[in-house]
Amino acid sequence: MSKKIVIQGYPGCFHGEAAHRYFNDSSLELVPADTFGILADTLMDSKVDMAIMAIENSIAGTILQNYRILREYGFWISGEIYHRIELNLMALPGVKKKNIKAISSHPMALNQCIQYLKREYNNTKLIESEDTALSALKISESQDGRQACIASKDAARLYGLHVLDEGIETNKLNYTRFFILQRDREIVNEAEVDKASVYVRIPDKKGQLLKVLQCIENLDLNLSKLQSFPVIGKLREYFFHMDVEFDEYSKFQSFIGQLFNLSTESKVLGVYKRDHFEIS
């Protein structure tokens with residue numbers, strides 16, 4: 001039986017591409033969700049096996065609301081994947097570039113192609129949509145030859161569109177990091193993991209965060225991500241999300257043990273294998 005994976009977006013979106021790459025399984029059943037909140041509810045309600053959720057992009061930065069979702073829903077991070085985002089201009093077969101009057105896509109995708117759009121379509125109407133793949137679906141359904149969209153090649157294939165220009169993103173080092181999520185914590189195989197995500201609540205005391213960072217250095221861990229969030233209703237008090245890489249699981253366990261005395265609250269969100277992606 002194939003896995004059911006909830007994704008934010010529609011078939012042909014980058015969440016779907018990343019899911020197929022991570023699981024290396026063309027038979028996955030992808031369940032679309034319009035928003036990250038719906039994605040979280042779908043996973044929580046046991047309607048799917050797992051979820052894949054974008055957490056940061058190399059151009060747009062951190063998706064802050066998703067760190068809140070991780071903390072509040074208590075999902076377990078079982079893996080990560082960095083996925084190259086290649087953006088393409090597409091339209092119905094036979095449509096000429098000169099006939100395009102409007103281009104639609106997710107606002108982030110439009111922004112990531114701004115140099116191309118200014119150069120090639122400076123006077124063309126840009127339409128923001130909820131999802132890159134949804135833009136492709138709407139053009140396919142409307143059969144409007146005046147419309148184009150920016151989406152993945154998977155979307156073009158799924159919805160019968162023709163790619164007019166490929167790789168139109170301004171920065172070619174455009175990667176999105178995705179977390180693989182499940183409802184329940186799993187037993188950690190110490191030999192197969194080298195990265196963890198945790199959050200801590202640091203009291204408003206002089207040098208307290210520095211003590212946490214010194215603990216990381218003393219244990220020879222690598223802090224690859226540090227993201228702060230205010231604690232609602234507590235002035236000058238913060239949550240900190242940390243991604244920590246280690247070469248020995250025992251060192252990470254020592255770090256968690258020391259956090260007990262350094263923070264007012266801490267929780268391990270996941271322990272998993274780091275994605276050793278190659279930039280191309």
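We did not get these values from a lab; they are worked out from the coordinates using the rules stated. Please read all numbers here as calculations on a predicted model, not as lab measurements. No Cβ is skipped: glycine too gets one built from the backbone with ideal geometry, and neighbour counts run over all protein chains shown.
At-a-glance table
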| quantity | calculated |
| --- | --- |
| Amide N proximity, segment 213-255 versus Asp275 label position 7 Å along Cα-to-Cβ, cut-off under 19 Å | 223-227, 242-246 |
| Share of Cα-Cα pairs in segment 51-159 lying beyond 19 Å, as whole percent | 50 |
| Loop-resident sites, segment 1-97, for trypsin sites (Lys or Arg not before Pro), counting at most 15 other Cβ within 10 Å (DSSP) | Lys3, Lys47, Lys96 |
| Computed label-point distance, nm, for sites Asp247 and Asn218 using a 7 Å Cα→Cβ extension | 2.1 |
| All-pairs alpha carbon distance profile, the chain, 10 Å steps from 0, percent | 6, 26, 29, 21, 12, 4, 0 |
| Within straight-line cross-link reach of Lys47, lysines at Cα separation under 30 Å, skipping those fewer than 8 residues along the same chain | Lys3, Lys4, Lys138, Lys153, Lys195, Lys267, Lys273 |
| Angle between the chain longest axis and helix 14-23 axis [Cα atoms, degrees, rounded to 10] | 60 |
| Radius 11 Å from Cβ of Lys225, net charge of other residues (Lys, Arg +1; Asp, Glu -1) | -2 |
| Percent RCO, i.e. relative contact order, over the chain, from Cα pairs under 8 Å lying at least 6 residues apart | 22 |
| Low-density loop cleavage sites - trypsin sites (Lys or Arg not before Pro) in segment 166-235, where at most 15 other Cβ are within 10 Å (DSSP) | Lys172, Arg185, Lys205, Lys206, Lys234 |
| Efficiency of FRET from Cβ geometry, Asp45 and Lys97, R₀ 35 Å, rounded to 0.05 | 0.20 |
| GluC sites (Glu not before Pro) restricted to segment 160-205 and DSSP loop, no more than 15 other C-beta within 10 Å | Glu166, Glu186 |
| For segment 164-280, alpha-carbon Rg over 2.2 N^0.38 Å | 1.27 |
| Net charge dipole size for the chain [Lys, Arg +1 and Asp, Glu -1 on Cβ; Debye, nearest 20] | 920 |
| Contour minus Cα-Cα distance for Arg185 and Thr35 (0.36 nm per residue) | 51.6 nm |
| Theoretical gain in end-to-end length, Arg68 to Arg157 [0.36 nm per residue, Cα-Cα removed] | 28.6 nm |
| Charged-residue dipole, Cβ positions (Lys, Arg, Asp, Glu), segment 163-280 about Cα centre, Debye nearest 20 | 780 |
